[in-house]
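Chemist: Quick one: the structure is below, and I'll ask about it shortly.
The values are calculated or read from the model by the stated rules, or taken from the named source; none is laboratory data. What you are looking at is a predicted structure, and each value in this text was computed from that prediction instead of being measured. When we count neighbours, we look across all protein chains shown, and the Cβ atoms used for this are built from the backbone with ideal geometry, even at glycine. Side chains included, ligands, DNA and RNA excluded: accessible areas come from the protein's heavy atoms. Shrake-Rupley method; radii C 1.70, N 1.55, O 1.52, S 1.80 Å.
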Amino acid sequence: MDFEDNKAFGEVHGIPMYKDFVKYWDDVETFQARPDDLVIVTYPKSGTTWLSEIVYMIYKEDDVEKCKEDAIFNRVPYLECRKEEKMNGVKQLQEMDSPRIVKTHLPAKLLPGSFWENNCKIIYLSRNAKDVAVSYYYFFLMITEFPDPESFPKFVEKFMEGKVPYGSWYDHVKAWWEKRNNPQMLYIFYEDMKEDIRKEVIKLMKFLGRKPSEELVDKIIKHTSFQEMKNNPSTNYTTLPEEMMNQRVSPFMRKGISGDWKNHFTVAMNERFDTHYEQQMKDSTLKFRTEI
Ligand code: A3P
């Protein structure tokens, strides 16, 4: 499939989306939330899996064995994920006992209304654009069905134009930022997690109404470290067949650092990106760190 012809993806309400997901969009829009649902929202490649595992561990009160019982994509279903009868996030969630943890990459305007009506708690995790672009590029390389991104510079152009699934990173992070003062919402950053994971885990526990005992926090930090998650089949996606995710091309748990963009952007690309970035972000108070 050619990335250039703009037909690689479908669209929902003007946002580029995987064609398989678009076919069943009604199921997503009419999804019935429950008041005790917790929603984890991210733009793709922002650390969703990391946050999901931390939250799951908080829910299971440090029971590592329970965390290893099943793959993360079954324990924390991906709401809009759909591939005919093979993958169906909505169905997985409907069949799940409460309390559910819901993963989604939806822009704020596309989150099913039921989550707002039920006043569900929402955690938004964001990560700086340059590292997201790098991580997304490698994701494109390893997902067999995705169009060939050709080269990193070409991919970055598409990313800047918002012609990738879930559309513009800029619009995504900004629109969710506007919702940050909603008492049901917590807005956090990947870079803060990298810098001081203890502080962020405590913040998450308090937001979820849990008492952050030192012992529990220690256990969560250990179990969700990059190395632990890389070696853990229930978090590293190695249980998916190679025809879907070719981890020999690039592992899902790739580097897990802040600032890897420096190894990928040339000086010229970086200048171009920064100029465009300022334009896109000038109407927002949202600030990112691109290294820590
Ligand atoms: P890199 O490709 O930069 O390594 P998502 O889960 O949203 O798809 O995000 C994937 C990114 O999060 C990848 O980034 C992955 O390595 C990183 N990641 C996953 N688990 C992590 C952890 N425990 N600590 C730090 N980064 C992690």
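Chemist: Mean-square fluctuation check for the chain, GNM, Cα pairs under 10 Å: which of E195, E215, E29 is largest?
Modeler: E215
Chemist: Search the structure for amide H atoms under 5 Å from the amide H of I188, placed 1.01 Å from N in the peptide plane, and list their residues when 5 or more places away or on another chain.
Modeler: Long-range HN contacts for I188: Y124, L125, S126.
Chemist: Next up: Using amide H atoms built in the peptide plane, which far-off residues or other-chain residues are under 5 Å from V39 H to H?
Modeler: Distant-sequence amide H within range of V39: V102, K121, I122, I123.
Chemist: Compute, for the stretch 204-292, the length of the dipole vector about the Cα centre, with Cβ point charges of +1 (Lys, Arg) and -1 (Asp, Glu) only. Units Debye, rounded to 20.
Modeler: For the stretch 204-292, the charge dipole is close to 240 debye.
Chemist: Tell me, what ³J(HN,Hα) does each residue in the stretch 21-36 have, in order and in whole Hz, if you take phi through Karplus 6.51 cos²θ - 1.76 cosθ + 1.60 with θ = phi - 60° and put x for Gly and Pro?
Modeler: 6, 4, 3, 10, 4, 4, 4, 6, 4, 9, 4, 9, 7, 10, x, 9
Chemist: Here's another thing I want to ask about it. Counting alpha carbon pairs within less than 8 Å and at least 6 residues apart, what relative contact order, in whole percent, applies to the chain?
Modeler: 24 percent
Chemist: Let me ask you something else. Just for the Cα atoms in the stretch 40-182, what are the lengths along the principal axes, largest first, rounded to whole Å?
Modeler: Principal extents (largest minus smallest coordinate, Cα): 43, 35, 31 Å.
Chemist: How large is the translational diffusion coefficient of the chain in µm² per second when you combine the Kirkwood radius over alpha carbon pairs with Stokes-Einstein at 20 °C and 1.002 mPa s?
Modeler: Estimated via Stokes-Einstein, D reaches 109 µm²/s.
Chemist: Who wins for biggest fluctuation among D196, D218, D148 in a Gaussian network model of the chain, springs between alpha carbons below 10 Å?
Modeler: Greatest mean-square fluctuation among the candidates belongs to D196.
Chemist: Counting only protein heavy atoms and a 1.4 Å probe, tell me what percentage of the chain's accessible area is made up of carbon and sulfur.
Modeler: That share works out to 49 percent.
Chemist: Here's something else I'd like to know. For the chain, what is the accessible area per residue in Å² when the probe is 1.4 Å?
Modeler: Computed with neighbouring chains in place, this is 47 Å² per residue.
Chemist: Hey, got the dipole for the chain? About the Cα centre, +1 on K and R Cβ, -1 on D and E Cβ, debye to the nearest 20?
Modeler: 620 debye
Chemist: Just need the relative contact order of the stretch 40-183 here, percent rounded to a whole number, with Cα pairs under 8 Å and 6+ apart.
Modeler: Worked out over the stretch 40-183, it gives 29 percent.
Chemist: Each residue of the stretch 182-187 in order: what ³J(HN,Hα) in whole Hz does its phi give by Karplus 6.51 cos²θ - 1.76 cosθ + 1.60, θ = phi - 60°, with x for Gly and Pro?
Modeler: 4, x, 7, 10, 10, 10
Chemist: When the Karplus curve 6.51 cos²θ - 1.76 cosθ + 1.60 is applied with θ = phi - 60°, which whole-Hz ³J(HN,Hα) does each residue of the stretch 225-232 get, with x for Gly and Pro?
Modeler: Running phi through 6.51 cos²θ - 1.76 cosθ + 1.60 with θ = phi - 60° gives 5, 4, 5, 4, 5, 5, 8, 9 Hz.
Chemist: State, to one decimal in nm, how far the label point of T285 lies from the label point of E117, with both points 7 Å from Cα in the Cβ direction.
Modeler: My value for the distance between the label points is 3.2 nm.
Chemist: Charges at C-beta only: +1 for Lys and Arg, -1 for Asp and Glu. How large is the resulting dipole of the stretch 181-248 about its Cα centre, in Debye rounded to 20?
Modeler: 240 debye
Chemist: Given R₀ = 25 Å, FRET efficiency for R198-L141 by Cβ-Cβ distance, to 0.05?
Modeler: The calculated FRET efficiency here is 0.15.
Chemist: How long is the stretch 111-264 along each principal axis, judged by its Cα atoms, biggest number first, in Å?
Modeler: 47, 35, 31
Chemist: So who's got an amide H within less than 5 Å of the one on M17, skipping anything under 5 residues away but keeping other chains? H placed 1.01 Å off N, in plane.
Modeler: Close amide H contacts, sequence-distant or interchain: G10, E11, V12, Y166.
Chemist: OK, next. Among bridges DSSP assigns within the chain, what percent are antiparallel (round to 5)?
Modeler: Numbers: 6 of 23 bridges.
Close to 25 percent.
Chemist: Follow-up question, since we're still on this one. Comparing L240, L141, L186, which has the greatest mean-square fluctuation in the GNM of the chain with Cα pairs linked when under 10 Å apart?
Modeler: In this elastic network of the chain, the residue with the biggest mean-square fluctuation among L240, L141, L186 is L240.
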